[in-house]
1. Kindly establish whether ILE111 is farther than 23 Å from GLN149 by Cβ, of a type in the set (A, V, I, L, M) and modelled with pLDDT of 95 or more.
2. Any idea how many residues of the range 391-431 are outside any loop (DSSP other than H, G, I, E, B) and more than 14 Å from TYR146 (Cα to Cα)?
3. Return the residue satisfying two criteria in turn: it lies in the range 65-81 and is among the charged types (D, E, K, R) and assigned to a strand (DSSP E or B), and of such residues it is nearest to the chain's Cα centre (by Cα).
4. Condition test on PHE423, is it out of contact with any helix residue (DSSP H, G or I) (no Cβ under 8 Å at 6 or more places or on another chain), in contact (Cβ under 8 Å) with a residue 40 or more places away in the chain and not basic (Lys, Arg)?
5. What about THR133, is it of a type in the set (S, T, N, Q) and surrounded by fewer than 18 Cβ atoms within 10 Å (Cβ to Cβ)?
6. Residue pairs, Cβ under 8 Å, 6 or more apart or interchain, first in the range 152-163 and under 11 Å from THR117 (Cβ atoms), second of a type outside the set (A, V, I, L, M, F, W, C) and in a helix (DSSP H, G or I). List them.
7. Between a residue in the range 307-319 that is more than 15 Å from ILE210 (Cα to Cα) and any residue that is of a type in the set (S, T, N, Q), which pairs come within a Cβ distance under 7 Å, given they are 6 or more apart or on different chains?
8. Within the range 260-272, does at least one residue satisfy the condition of being surrounded by fewer than 17 Cβ atoms within 10 Å (Cβ to Cβ) and more than 21 Å from ASP116 (Cα to Cα)?
Amino acid sequence: MLDSTGLQFTVGVGDLPDDTFRVYEFEVVEALSDVFTLNLTAFSKASQVAPAEVLQQEMILRIYQDGRLLRQFRGVVAEFCRGAVGHHRTRYQMVIRPTLWRLGLGRNSRIFQHKDTEAIVRVLLDEYGVTGTRFNLVRTPEEREYCVQYRESDLAFLQRLAAEEGWHFRIEHGPESSEFVIADHHRDSLKLDKAPYNAMAGGSSRQSCITRFDTTERVGVAGVVMKDYTFRNPASGLDHMGMASGLKHQRPDYEHYDYPGRYKQDASGEPFARARLDGLRRNVSTASGESNRADFTAGACVPLEDHFDEASNIEWLLTGVTHHGVQPQALEEEAGGEPTTYGNRFTAVPATVNWCPRNDNCRPVMDGPQIARVTGPVGEEIYCDDHGRVKVWFPWDRYGTDDEHSSAWLRVSQGWAGGQYGFMALPRVGHEVIVSFLDGDPDQPIITGRTYHATNTPPYSLPATEEHQTFFNCPDVRDLVVGELQTLLPDIHSKLGG
């Protein structure tokens, strides 16, 4: 199906013969830290291709010029539509997504303990069979003592954690497989050949070039200040800041302040602040354009040359590319001699920019307090650490075990708490407690109350004894009412040497 441009598009789907579908038109939208979407229109002499033969099958779209493979896209068929049936061929439409897209179909609530972000992400990818993953990290992520995924899709959870760490991800389509790359820098990005600028080139030109290139400068955040708190070191401010260098065309006092910063140690605070600043300033200097370079892909770097503005003749990082191709020859005799065409629109930033996704603090927010049950080792009535913290099991946690591993240590609110004095009443194993969340953050639970239920009932029958006010912490005083307890107190006091 070669024509004057030398372009040819082919597609293979699953185990179907390679000539089952003939590509008529496609559009691929890809961007850094996002899953691509490929919309494909094809024709086939087979009028009864069944959805079961296509859906969730691997699909490969290839772009050739003069018989040489320029580019290919690999994914799974997520949508399949059979259209009009003609005398000689049937129209089909498909939507293709990467295997990573599957994570967006699953939603979960669970707790990860003592794992760093890379380990958590690997768990998510393994659950969906996403293979060919490569982590390219300069900074080793810190361990997260307690990290909660709550009522959010697995993909949203992954993207949220990556944004906090300052990671981006991209998909690289190789000749035999696709590679899912997660990185915190762009130094090892794919390096493309120089792209000449030629505004006079036509849409069917064989010359590989950029035909439109526009640059935009914006005023943005100049610095980030973040702060948090940890009970382990209440005097520490955990203040961290990041300031942009080389500010142009703007004032330096546009400060972005946020509390809490969602970190409990300085080792995480500094990179989190830098990631927040990079995300906020990722689009301060941008470019957009059009080209016929099929090798343009999100995450690749390409030097521009021959532009009339010398300042633009630098290396650019492609942040998004929309590919579009039309192959009229798929209609055979109805093609009318129209040429096969390919073009793309792209966005980019200077390659010196450490582009990372914007962290909009899109974590789930707890709607209010929740019920939980205190847990501990088998046979233990009280289980706590040196801070008086206990562990609990949440009813929504279907992976948690009813033992000492069910959650992280949770602090317990007390009626009075001072330096070496106050009130201390620890909830026992099996007790039902009310858990609140600081700033609505599922990663920051704290016990603020206790409740009775059908198994753990009040010590008196109600409402018959509704006027009694009782406090029991041991079986010896279980049958005493308020007056009897007051009588007993002097005796207890004397036994203690008062």
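1. No: the conditions fail for ILE111.
2. Here the count works out to 5.
3. ARG74
4. No; evaluated as a whole, the condition is false for this residue.
5. Judged against the criteria, THR133 is a match.
6. Close Cβ pairs (under 8 Å, with a partner that is of a type outside the set (A, V, I, L, M, F, W, C) and in a helix (DSSP H, G or I)) amount to LEU161/THR117; ALA162/THR117; ALA163/GLY279.
7. THR319/THR347
8. No, because not a single residue in the range 260-272 is surrounded by fewer than 17 Cβ atoms within 10 Å (Cβ to Cβ) and more than 21 Å from ASP116 (Cα to Cα).
The values are calculated or read from the model by the stated rules, or taken from the named source; none is laboratory data. In this text the structure is predicted, and so the values were computed from the model without any measurement. Please note: Cβ atoms are built from the backbone with ideal geometry, for glycine as well, and neighbour counts cover all protein chains shown.
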